[in-house]
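So the structure is just underneath, and the comments pick up after that.
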Amino acid sequence: MSKVGIIMGSKSDLPVMQDAIDILKGFDIAVEVDIVSAHRTPEKLFDYGKHAHTKGFSVIIAGAGGAAHLPGMIASLSPLPVIGVPIKSSNSIDGWDSILSILQMPGGVPVATVALNGAKNAGILAAQIIGSSDSSVLDKILTYKDGLKQMVIKSANDLK
């Protein structure tokens, strides 16, 4: 069974990151959630990044605000795909600092980056990565996407 590691820089990031937790649990994908600060707990960050692939994780979702070094640092240490969630935090410059810190990675250290506070999409992307080699997860993604289509059709019909 695949597992996704969801990490964030501080507890204040949890309300945003909860969307990733919820969507993954909805796809019956195991999640392990932790707080790993790139700036306040660098030893924990290095340990997490170097060993995540040995703990059954398939994907890591890392959310951070402000300078937002967490996703990039994890990606520099781990062979796993990393999805970065920029978070608009209290010390943020409208979230742009977080977006650019995660998005503008140097060649060789990719981080898939979702929209500001876009943890739900990070969860869906993680599920799609897992679904590329797990047919039961793929089936759930297909059902989920059909549900989105049906909501739009219903909304359009409600207008008439």
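The values are calculated or read from the model by the stated rules, or taken from the named source; none is laboratory data. Owing to the predicted nature of the structure, the values given are computational and were not obtained by experimental measurement. Reconstructed Cβ throughout: ideal geometry from the backbone, glycine too, with neighbour counts over all protein chains shown.
Select, from Ala115, Ala75, Ala126, the only residue that is touching a Pro at 6+ places or on another chain (Cβ under 9 Å), outside any helix (DSSP H, G or I) and of a type outside the set (Phe, Trp, Tyr). Talk me through it step by step, then tell me what you get.
On the way: Ala75 fails: outside any helix (DSSP H, G or I); Ala126 fails: outside any helix (DSSP H, G or I).
After ruling out the rest, the residue left standing is Ala115.
Of the numbered criteria (1) crowded, with 19+ Cβ neighbours inside 10 Å; (2) farther than 19 Å from Lys25 by Cα; (3) of a type outside the set (S, T, N, Q), the one Met151 fails is (1).
Could you tell me which residue of region 80-112 is farthest from Gly5 (Cα to Cα), considering only residues that are assigned to a loop (DSSP other than H, G, I, E, B) and aliphatic (A, V, I, L, M)?
So the first thing to find is which residues in region 80-112 are assigned to a loop (DSSP other than H, G, I, E, B), and the list is 80-81, 88-95, 104-111.
With the extra rule that they be aliphatic (A, V, I, L, M), the set shrinks to 80, 93, 105, 109, 111.
Values: Leu80: 10, Ile93: 27, Met105: 21, Val109: 18, Val111: 15 Å.
Per the stated criteria, the residue is Ile93.
Sort through Leu116, Leu77, Leu125 and tell me the only one that's closer than 21 Å to Gly5 by Cβ, modelled with pLDDT of 95 or more and in contact with a Lys or Arg (Cβ under 7 Å, 6 or more places away or on another chain).
Leu77
Report whether or not Lys25 is over 23 Å from Thr143 (Cα atoms), part of a helix (DSSP H, G or I) and basic (Lys, Arg). No: the conditions fail for Lys25. Within region 80-105, restricting attention to residues that are farther than 23 Å from Lys44 by Cα and of a type in the set (Gly, Ala, Ser), the residue that is modelled with the lowest pLDDT is Ser92.
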